[in-house]
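The values are calculated or read from the model by the stated rules, or taken from the named source; none is laboratory data. These numbers were taken from a predicted model, which means no experiment stands behind them. We place every Cβ from the backbone using ideal geometry, glycine too, and count neighbours over all the protein chains shown. Ligands, DNA and RNA are excluded from the accessible area calculation, which covers all protein heavy atoms including side chains. Shrake-Rupley method; radii C 1.70, N 1.55, O 1.52, S 1.80 Å.
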Amino acid sequence: MSQTLGYAALDPNSPLAPYSFSRREVGPNDVKIDILYCGVCHSDLHTARNEWNNTLYPSVPGHEIVGRVTAVGSAVSAFKVGDVAGVGCLVDSCRTCSSCGEGLEQYCENGFVGTYNGPAFGGGENTLGGYSDNIVVDEKYVLRISHTDNLAAVAPLLCAGITTYSPLRQWKVGPGQKVGVVGLGGLGHMAVKIANAMGAKVVLFTTSPDKREDALRLGAAEVVVSKNKEEMAAHVNSFDFILNTVAAPHNLDAFVNLLKRDATMTLVGAPAAPHPSPSVFGLIFKRRRIAGSLIGGIAETQEMLDFCAEHGIVSDIEMIRMQDINEAYERMLKSDVKYRFVIDMATLKAA
């Protein structure tokens with residue numbers, strides 16, 4: 001066992017605080033990574049505060065991890081000491097079900113093992129995540145980082161990047177398509193960048209007119225204020241695909257009506273309460289679809305990282321110290337970040 005320093009939630013009502021724990025020793029198939037940067041995801045906050053009613057305490061959040069390899073097991077072939085590597089939202093899966101066999105570990109039929117908060121369906125070890133100075137992960141669930149600089153801004157790609165890339169690839173977004181992105185937050189700003197790099201004409205939907213300039217800078221061709229009925233009406237029946245990133249309950253019908261016949265709106269935001277039920281008529285009269293998508297498998301996450309490196313895509317970030325995480329959570333609730341907090345793990349020892 002090796003000693004690890006981190007920050008943990010000990011219960012749903014207390015601030016995150018310093019926490020010391022042990023990682024397993026490096027096994028034959030393991031990679032040990034000293035964590036340089038860890039992104040802050042809204043899921044971290046949900047979990048720390050038990051808002052999904054499934055938190056195992058103590059909880060060390062963090063699944064947007066970039067670091068440097070410091071040790072490898074005897075059977076490891078893809079990584080060596082000194083490599084820059086990443087860890088995303090999952091660190092294991094059953095490896096035997098049809099989903100795992102297809103490289104879709106995020107849909108593992110026996111439950112993938114999250115990077116923090118233990119196995120998805122309970123039982124087993126309470127995994128502890130990236131708000132820590134090191135992590136030990138099986139080689140099969142470690143990602144290669146080919147970006148050569150701005151590594152802090154690469155960290156959010158491990159969740160926000162793959163969460164938006166996966167549905168854009170699944171629904172074959174590309175040149176000549178008109179694609180909508182709903183919401184300009186941690187997920188939405190990545191969706192705009194990636195869809196634009198795929199060649200689509202991107203339209204950003206926001207409730208905040210003051211986000212127009214930023215959306216255009218990020219790659220949107222047009223910005224629509226979704227509270228403006230005239231602006232929305234101008235786009236009825238015109239979208240090939242809409243990616244909805246908003247993690248708060250809202251009326252889906254307004255966006256369904258913008259889809260062409262046979263087009264899809266995919267939801268990636270995870271609200272604490274359900275969306276109002278959509279009207280059936282908006283779906284059946286145009287054979288439209290509402291779908292969902294969850295992160296991506298390991299192979300697709302690697303594909304996303306390589307795509308982003310090739311196109312010079314990273315997240316827009318604000319770097320914070322580890323000791324500022326509780327303040328960052330409160331700011332995140334107010335959408336007071338452009339567009340992702342990233343923890344500089346060099347500050348952990350001082351914290």
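Some notes on this structure:
- Residue-normalised convex hull volume from the C-alpha trace of the range 142-195: 100 Å³ per residue.
- Residue with peak Gaussian network fluctuation, the chain [Cα springs, cutoff 10 Å], from 18, 278, 167: 278
- Scalar couplings 3J(HN,Hα) for the range 188-205, obtained by applying the Karplus form with A = 6.51, B = -1.76, C = 1.60 to θ = phi - 60°, are x, 5, 6, 4, 4, 4, 6, 4, 5, 5, 6, x, 7, 7, 9, 10, 9, 9 Hz; x denotes Gly and Pro.
- The value of relative contact order for the range 240-312, using C-alpha pairs under 8 Å at least six residues apart, is 32 percent.
- Close amide H pairs (under 5 Å, H built 1.01 Å from N) link residue 90 with 115, residues at least 5 positions away or on another chain.
- Note, ³J(HN,Hα) from phi for the range 303-316, Karplus 6.51, -1.76, 1.60, rounded to Hz, x at Gly and Pro: 4, 4, 4, 5, 4, 5, 5, 4, 9, x, 9, 9, 7, 7
- Share of Cα-Cα pairs in the range 214-351 lying beyond 17 Å, as whole percent: 73 percent
- In a simple Cβ point-charge model (Lys, Arg +1; Asp, Glu -1; nothing else charged), the range 159-290 has a dipole of about 420 debye relative to its Cα centre.
- Enclosed volume per residue, in Å³, of the convex hull spanned by Cα atoms of the range 1-63: 103 Å³
- From the alpha carbon centroid of the range 267-324 to that of the range 206-251 is 15 Å.
- Residues whose amide H lies under 5 Å from that of residue 263, counting only those 5 or more places away or on a different chain, are 289; hydrogens are built 1.01 Å from N in the peptide plane.
- Dipole magnitude of the chain, debye to nearest 20 (Cβ charges: Lys/Arg +1, Asp/Glu -1, about Cα centre): 940 debye
- Too-long pairs where the Cα-Cα distance tops 27 Å, listed order kept, from 80/338; 201/229; 260/338: 80/338; 260/338
- A rounded overall shape is assigned to the range 159-290, the ratio a/c of its alpha-carbon gyration tensor axes (a ≥ b ≥ c) being less than 1.5.
- Hydrodynamic radius of the chain by the Kirkwood approach over all distinct alpha-carbon pairs: 20.6 Å.
- Distant-in-sequence amide H partners of residue 318 (H built 1.01 Å from N, under 5 Å): 339, 340, 341, 342
- Charge-dipole axis of the chain as Lys and Arg at +1 and Asp and Glu at -1 on Cβ define it, positive-most pick from 276, 190, 55: 276
- Expected 222 nm ellipticity per residue - DSSP helices of 4 or more, -39500 (n - 2.57), all of the chain, to 500: -6000 deg cm²/dmol
- Length-normalised contact order for the range 279-351 - Cα pairs under 8 Å, 6+ apart - percent: 29 percent
- For the peptides 219-230, 58-69, the ranking by mean Cβ contacts within 10 Å, running from highest to lowest, is 58-69, 219-230.
- Overall, the anisotropy analysis places the range 1-145 in the oblate class: the square-rooted eigenvalues a ≥ b ≥ c of its C-alpha gyration tensor yield a/c not less than 1.5, with a/b not exceeding b/c.
- Computed over protein heavy atoms with a 1.4 Å probe, the carbon and sulfur contribution to the accessible area of the range 159-290 reaches 54%.
- Subset of 178/211; 193/334; 286/334; 172/334; 227/286; 211/286 violating a 29 Å alpha-carbon distance limit: 286/334; 172/334; 211/286
- For the chain, relative contact order (Cα pairs under 8 Å, six or more residues apart, normalised by length) works out to 17 percent.
- For the range 172-205 versus the range 331-351, the inter-centroid distance based on Cα atoms is 25 Å.
- Ordering 103, 174, 320 by the projection of their Cα atoms onto the charge dipole of the chain, which places +1 on the Cβ of Lys and Arg and -1 on the Cβ of Asp and Glu, puts 174 at the extreme positive end.
- Hydrodynamic radius (Kirkwood) for the range 97-231, which is based on Cα pairs only, to one decimal in Å: 17.3 Å
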